[in-house]
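In what follows, a structure is listed as structure tokens, so that the remarks can point back to it.
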Amino acid sequence: MPSLKDLKNRIASVKSTRKITKAMQMVAAAKLRRAQEAAEAARPYAERFDAVLGQLAASVGGSDTGPKLLSGTGKDDVHMLVVITAERGLCGGFNTNIVKKAKQKIRELKAAGKTVKILTVGKKGREQLRREYSDAMVGHIDLSGIKSLGYVNAQDITRDLLNRFDEGEFDVATIFYASFQSVIAQTPTAMQVIPAQFDAQDGETTGPLYEYEPSEEAILADLLPRGIATQIFAALLENAASEQGARMSAMDNATRNAGEMIDKLTIQYNRSRQAVITNELIEIISGAEAL
Amino acid sequence: MANTMDFSLVSPERSLVSGPVSEVQIPGTDGDLTAMPGHAPMITTLRPGLLHISGPNGEDDYVVTGGFAEISAEGVTVLAERALHQKEMTQDILNDWVVEARKAWKDATDDNAVAHTAKLLADMVAMGTHVGLDPDHANYYE
């Protein structure tokens, strides 16, 4: 049975924890709104880019002479997994879910006899993956110093990835991130970026016949890396929004749990206080009777 | 024939312009071109340069690099990796861009890439001069 003083301290500490989680929840809510706005603002660009690249890819990509980024290396041996997670914890199962999805894929690939390489973006994913697959980790991109995600960050990741691709380090690249469904639901998602896949809208290829300047192939070669950067940028933004959403609901839960705990502790505190008073009264009365 | 068409200028991070215009000058990789309503549908990649639009809301200039322009029956869409209003363009930004282009050119190894990055650098420098900034200023930062 804890003493009254212990209980009092305990209540005070849970109360200050609740204050912190409440504050974190509000901060996450504000950041979530901004992250959603950023993801929203980036959508028109990504959609147009995808559509145009889809058209181009449909007309050029079929041939064997198409760029490697589109047609692949012709092999399927070495897989590069780009695992995008958060830089910070305290966001529920957010990071773990992404890592779990990646690990599942790693096991599948290894079972099929493929080589797996891992490139991590975000500290939390690296920490979790390093325990099991430290030999497969080929790189890490640190985003911890960045206040607001810009397209430049996506370009950095893409450049790193493309350099490795040019050097023949891997055949297939897949990115793992959490796609944002709602504040309470974020789905870990795997998306293949190399060889690139675009939503080729079959309906639209019958639309206007475009003239291309320079040639279709040259445009495709120029735009493909940018298209991949755009996809990665979209994934980064979705991931950032998901992270804040996950943190918000995790902190909401924590705040509620802290409240419940305070109620329970307060009842316990009052009961033991009453017990102490009753005890004292009994002592006084029995003392008086003995006289 | 309608004398305006829809125009939108979009960068990865935000949409900059959207509205009716009567004329757009696009800095294409193979040379400038002007799109007016009824232009044949085409897609061209961009070189670093000035995008000039004129329409019912007056004339405007934007600095764009990297990306492409899509001209269709409905209008013109320019997707630029980096796009700024000319007034927002400063010497510092230009310096960064020129340094970056110069680095890409120096790092390029095969002939194709060297030619490509050299053109990019030249275009970047030309664009700098065009908007009245000093492109060689960036040399001091190396």
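The values are calculated or read from the model by the stated rules, or taken from the named source; none is laboratory data. Just so it is clear, the structure is predicted and the values come from calculations on it, not from any experiment. Here Cβ is always computed from backbone atoms with ideal geometry, including for glycine, and neighbour counts include all displayed protein chains.
Okay, here's what the table says:
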{"quantity": "Scope segment A:99-120; condition in contact (Cβ under 8 Å) with a residue 24 or more places away in the chain and basic (Lys, Arg); matching residues", "calculated": "A:100, A:101, A:103, A:105, A:114, A:117"}
{"quantity": "Restricting segment B:1-31 to residues that are modelled with pLDDT under 90 and acidic (Asp, Glu), the residue that is farthest from residue A:151 (Cα to Cα)", "calculated": "B:30"}
{"quantity": "Matching residues in segment A:139-160 - criterion: being within 11 Å of residue A:123 (Cβ to Cβ) and acidic (Asp, Glu)", "calculated": "A:142"}
{"quantity": "Among (1) out of contact with any helix residue (DSSP H, G or I) (no Cβ under 6 Å at 6 or more places or on another chain); (2) surrounded by fewer than 20 Cβ atoms within 10 Å (Cβ to Cβ); (3) within 14 Å of chain B (Cβ to nearest Cβ) - the single one residue A:45 does not satisfy", "calculated": "(2)"}
{"quantity": "Filter result (at the interface with chain A (Cβ under 8 Å from one of its Cβ atoms) and in contact with a strand residue (DSSP E or B) (Cβ under 6 Å, 6 or more places away or on another chain)) within segment B:3-30", "calculated": "B:8, B:10, B:11, B:28, B:29, B:30"}
{"quantity": "Failed criterion for residue A:1 (all others in (1) buried (at least 16 other Cβ atoms within 10 Å of the Cβ); (2) among the aliphatic types (A, V, I, L, M); (3) modelled with pLDDT under 90; (4) out of contact with any helix residue (DSSP H, G or I) (no Cβ under 6 Å at 6 or more places or on another chain) hold)", "calculated": "(1)"}
{"quantity": "Qualifying positions in segment B:80-92 - buried (at least 22 other Cβ atoms within 10 Å of the Cβ) and either on the phi > 0 side of the Ramachandran plot or out of contact with any Ser or Thr (no Cβ under 8 Å at 6 or more places or on another chain) (or both)", "calculated": "none"}
{"quantity": "Candidates A:115, A:96, filtered to the one that is under 19 Å from the mean Cα position of the chain (by Cα), among the hydroxyl-bearing types (Ser, Thr, Tyr) and surrounded by fewer than 18 Cβ atoms within 10 Å (Cβ to Cβ)", "calculated": "A:96"}
{"quantity": "Condition met for residue A:19 (surrounded by 16 or more Cβ atoms within 10 Å (Cβ to Cβ) and charged (D, E, K, R))", "calculated": "no"}
{"quantity": "Selected residue [over 14 Å from the mean Cα position of the chain (by Cα), at positive phi and crowded, with 16+ Cβ neighbours inside 10 Å] from B:19, B:75", "calculated": "B:75"}
{"quantity": "Single condition residue B:111 does not satisfy, out of (1) closer than 30 Å to residue A:57 by Cβ; (2) touching a helix residue (DSSP H, G or I) at 6+ places or on another chain (Cβ under 9 Å); (3) among the charged types (D, E, K, R)", "calculated": "(2)"}
{"quantity": "Flag if residue A:74 is at positive phi and surrounded by fewer than 23 Cβ atoms within 10 Å (Cβ to Cβ)", "calculated": "yes"}
{"quantity": "Selected residue [surrounded by fewer than 19 Cβ atoms within 10 Å (Cβ to Cβ), more than 27 Å from residue A:96 (Cβ to Cβ) and in contact (Cβ under 8 Å) with a residue 24 or more places away in the chain] from A:217, A:211, A:280", "calculated": "A:217"}
{"quantity": "Residue, nearest to residue A:159 (Cα to Cα), within segment A:210-222, restricted to residues that are out of contact with any strand residue (DSSP E or B) (no Cβ under 6 Å at 6 or more places or on another chain) and either in a helix (DSSP H, G or I) or of a type in the set (D, E, K, R) (or both)", "calculated": "A:221"}
{"quantity": "Members of segment B:39-57 that are within 13 Å of chain A (Cβ to nearest Cβ), without any contact (Cβ under 8 Å) to a residue 40 or more places away in the chain and buried (at least 17 other Cβ atoms within 10 Å of the Cβ)", "calculated": "B:39, B:42, B:43, B:44, B:45, B:46"}
{"quantity": "Qualifying positions in segment B:52-75 - farther than 21 Å from residue A:46 by Cα, part of a strand (DSSP E or B) and of a type outside the set (Asp, Glu)", "calculated": "B:52, B:53, B:54, B:55, B:58"}
{"quantity": "Qualifying residue in segment B:102-117 (condition: assigned to a loop (DSSP other than H, G, I, E, B) and in contact with a Leu (Cβ under 8 Å, 6 or more places away or on another chain))", "calculated": "no"}
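Residues are listed down the side, and each one gets a yes or a no for (1) more than 20 Å from residue A:230 (Cβ to Cβ); (2) among the hydroxyl-bearing types (Ser, Thr, Tyr); (3) at pLDDT 85 or above:
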{"position": "B:51", "(1), (2), (3)": "no, no, yes"}
{"position": "B:54", "(1), (2), (3)": "yes, yes, yes"}
{"position": "B:57", "(1), (2), (3)": "yes, no, no"}
{"position": "B:69", "(1), (2), (3)": "no, no, yes"}
{"position": "B:76", "(1), (2), (3)": "no, no, yes"}
{"position": "B:80", "(1), (2), (3)": "no, no, yes"}
{"position": "B:83", "(1), (2), (3)": "no, no, yes"}
{"position": "B:89", "(1), (2), (3)": "yes, no, no"}
